[in-house]
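The values are calculated or read from the model by the stated rules, or taken from the named source; none is laboratory data. All of these numbers come straight from a predicted model, not from anything done at the bench. Because the Cβ atoms are built from the backbone with ideal geometry, glycine has one as well, and the counts that use them run over all protein chains shown.
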């Protein structure tokens, strides 16, 4: 077992335990234990638990984005001050002054990315669990909190004729046409949700009449690059992972609409307002 695999063990247990908890609860309510829809709802339940737990982090992200917007005029003045100066002493002085500005405004360039970074190990854990289920089912083994019977159930379950463990590039049985169609539909849904989310962030942080700040240019890059990443990555992942990814992006979009309705365009208001 490699170092990365050892790190992922508790995340795999947590992800599988949450899914099993929702699956068992839904089964107790009368849904078929071996149904793909029962497992699909369990994956959606996993998204709801993780994203609900991250709401405080999301609120911190909103504050960080607002502080970054308020920081931009000072940061642009600093860049103009050192424009054309490429000697080591000037670069070091500029870096120190930048850190002082970040400290003064109570933010840093990475704070706005914190919710996404926190989700990475959970996403990787889900991918590891779902991508390895077919092999484990053949070996009659469990994984994490999932028993051997549950592994077999999940491996044999699907929605709309597409197995939850199937992927466009890696097969996985079932109706391959259904796998392709469902994958394309979810890729379109997740990329559309991501695009709308970035547009909402840009609209909220834009300042009328001000020059375009580096922070805004970075957000514009994300506007077009993230949907491309989702689109290309989508054909690699099992249907179950795409369900998680799609629901996550829809949740994120809904959060941005919620924030937009409570904050004027341009990020007005106090920097520490929730």
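Let's see how each residue does on (1) free of Cβ contacts under 8 Å to residues at least 40 places away in the same chain; (2) surrounded by fewer than 21 Cβ atoms within 10 Å (Cβ to Cβ); (3) closer than 30 Å to residue 73 by Cα:
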{"residue": "160", "(1), (2), (3)": "yes, yes, no"}
{"residue": "166", "(1), (2), (3)": "no, no, no"}
{"residue": "175", "(1), (2), (3)": "yes, yes, no"}
{"residue": "179", "(1), (2), (3)": "no, no, no"}
{"residue": "189", "(1), (2), (3)": "no, yes, no"}
{"residue": "196", "(1), (2), (3)": "no, yes, yes"}
Surrounded by 13 or more Cβ atoms within 10 Å (Cβ to Cβ) and at pLDDT below 85 - does that describe any residue in region 80-93? yes
Within the bounds of region 65-79, is there any residue that is in contact (Cβ under 8 Å) with a residue 24 or more places away in the chain and closer than 18 Å to residue 247 by Cα? no
Can you name every residue in region 46-87 that is part of a loop (DSSP other than H, G, I, E, B) and more than 17 Å from residue 258 (Cβ to Cβ)? 82, 83, 84, 85, 86, 87
Look through region 157-180, keep the residues that are in a helix (DSSP H, G or I) and over 23 Å from the mean Cα position of the chain (by Cα), and return whichever of them is nearest to residue 135 (Cα to Cα). 176
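Yes or no, residue by residue, for (1) at pLDDT below 65; (2) under 27 Å from residue 105 (Cβ atoms); (3) in contact with a helix residue (DSSP H, G or I) (Cβ under 7 Å, 6 or more places away or on another chain):
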site: 189; (1), (2), (3): no, no, yes
site: 232; (1), (2), (3): no, no, no
site: 254; (1), (2), (3): no, no, no
site: 270; (1), (2), (3): yes, yes, no
site: 273; (1), (2), (3): yes, yes, no
Out of the residues in region 44-69 that are more than 30 Å from residue 158 (Cα to Cα) and under 15 Å from the mean Cα position of the chain (by Cα), which is surrounded by the most Cβ atoms within 10 Å (Cβ to Cβ)? 61
From 242, 226, 222, grab the single residue that is at pLDDT 85 or above, surrounded by 14 or more Cβ atoms within 10 Å (Cβ to Cβ) and assigned to a helix (DSSP H, G or I). 242
Does residue 140 fit the bill of being out of contact with any helix residue (DSSP H, G or I) (no Cβ under 8 Å at 6 or more places or on another chain) and either surrounded by 15 or more Cβ atoms within 10 Å (Cβ to Cβ) or modelled with pLDDT of 80 or more (or both)? no
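Table: residues versus (1) without any contact (Cβ under 8 Å) to a residue 40 or more places away in the chain; (2) surrounded by 15 or more Cβ atoms within 10 Å (Cβ to Cβ); (3) under 13 Å from residue 157 (Cα atoms).
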{"site": "4", "(1), (2), (3)": "yes, no, no"}
{"site": "8", "(1), (2), (3)": "no, yes, no"}
{"site": "17", "(1), (2), (3)": "no, no, no"}
{"site": "20", "(1), (2), (3)": "no, yes, no"}
{"site": "23", "(1), (2), (3)": "no, yes, yes"}
{"site": "27", "(1), (2), (3)": "yes, yes, no"}
{"site": "38", "(1), (2), (3)": "no, yes, yes"}
{"site": "42", "(1), (2), (3)": "yes, yes, yes"}
